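A.B. asks: One structure coming up, written as structure tokens, with questions to follow.
The values are calculated or read from the model by the stated rules, or taken from the named source; none is laboratory data. Here the structure is a predicted model, which is why all the values come from computation and not from measurement. Virtual Cβ from ideal backbone geometry, glycine too; neighbours counted across all protein chains shown.
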Amino acid sequence: MTKPIYKGRVITLNIDTVTLPNGMTVDLETIRHPGASAVVPMKEDGTVVLIRQFRHAAGGFIYEIPAGKLNPGEDPLSCAARELEEEIGYRAAAFSLLSSIFTAPGFADEVIHVYKATGLTPGKQQLDQDEVLDVIEMPLADAIRKIEDGTIRDAKTIVGLQAVYIQESMR
């Protein structure tokens, strides 16, 4: 049984009555989210393109890879291509799926599909009115150091950057 609590433009909050595998029945608060796509944009010289975006919930600006919410019925790859151009003003010749990750499986069903984008060419940046960000380019190794020193703390960004770093180091 599901009891709706709140429906917003991004999330829905329900209380679900669930019978667990051990036979216990409990009420769980569950956030429903349509999912998202994120992109690690890689230039041919090993430079990664990040954003430094204002996030109210995080208390200020944080480093991230471009990402955005899936529209109803939207393919995750189409979303990744759309967000890449909208947020940083690049198009990509190729995308490869790095991983599809749960963001907070203890209470939310959001899945983010994380892609690597290569063959970057200039497009047209078109920020939404709630997007306040700077485009930042740096060598991948510098981005990894920013994870290590705690500058980069966003989970999807850490997963994406580390996945690309591992791929690159295995070549």
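A.B. asks: Within the stretch 112-126, restricting attention to residues that are surrounded by fewer than 17 Cβ atoms within 10 Å (Cβ to Cβ) and not polar (S, T, N, Q), which residue is nearest to Ala58 (Cα to Cα)?
C.D. replies: My answer is Lys124.
A.B. asks: Pick out the one residue from Thr25, Thr17 that is loosely packed, with under 10 Cβ neighbours inside 10 Å, out of contact with any Leu (no Cβ under 7 Å at 6 or more places or on another chain), farther than 29 Å from Glu74 by Cα and outside the structural domain of Glu137 (by TED's automatic domain parsing).
C.D. replies: Result of the check over Thr25, Thr17: Thr25.
A.B. asks: So which residues in the stretch 127-151 are of a type outside the set (D, E, K, R), surrounded by 13 or more Cβ atoms within 10 Å (Cβ to Cβ) and closer than 16 Å to Thr47 by Cα?
C.D. replies: Val135, Ile136, Met138, Pro139, Leu140, Ala143, Ile144, Ile147
A.B. asks: Anything in the stretch 59-95 that is hydrophobic (A, V, I, L, M, F, W, C), surrounded by fewer than 18 Cβ atoms within 10 Å (Cβ to Cβ) and more than 25 Å from Asp149 (Cα to Cα)? List them, or say none.
C.D. replies: Passing the criteria: Leu77, Ala93, Ala94.
A.B. asks: Would you point out which residue out of Asn22, Asn14 is at pLDDT 95 or above, touching a strand residue (DSSP E or B) at 6+ places or on another chain (Cβ under 7 Å) and among the polar types (S, T, N, Q)?
C.D. replies: Going through Asn22, Asn14 in turn, just one is at pLDDT 95 or above, touching a strand residue (DSSP E or B) at 6+ places or on another chain (Cβ under 7 Å) and among the polar types (S, T, N, Q): Asn14.
A.B. asks: Does the stretch 44-59 hold any residues that are touching a strand residue (DSSP E or B) at 6+ places or on another chain (Cβ under 7 Å) and either touching a residue at least 60 places away in the same chain (Cβ under 8 Å) or acidic (Asp, Glu) (or both), and which are they?
C.D. replies: Of everything in the stretch 44-59, those that are touching a strand residue (DSSP E or B) at 6+ places or on another chain (Cβ under 7 Å) and either touching a residue at least 60 places away in the same chain (Cβ under 8 Å) or acidic (Asp, Glu) (or both) turn out to be Gly46, Thr47, Val48, Val49, Leu50, Ile51, Arg52, Gln53, Phe54.
Yes/no matrix, rows are residues, columns are (1) within 23 Å of Leu127 (Cβ to Cβ); (2) without any contact (Cβ under 8 Å) to a residue 24 or more places away in the chain; (3) not small (Gly, Ala, Ser):
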position: Leu70; (1), (2), (3): yes, no, yes
position: Ile88; (1), (2), (3): yes, no, yes
position: Ser99; (1), (2), (3): no, no, no
position: Phe107; (1), (2), (3): no, no, yes
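A.B. asks: Hey, another quick one. List the strands (runs of 3 or more DSSP E) inside the stretch 56-171, counting only whole elements, that have at least 3 residues being farther than 29 Å from Leu13 by Cβ and not assigned by TED's automatic domain parsing to the domain that holds Arg9.
C.D. replies: Qualifying strands (runs of 3 or more DSSP E): 94-102, 111-118, 133-139.
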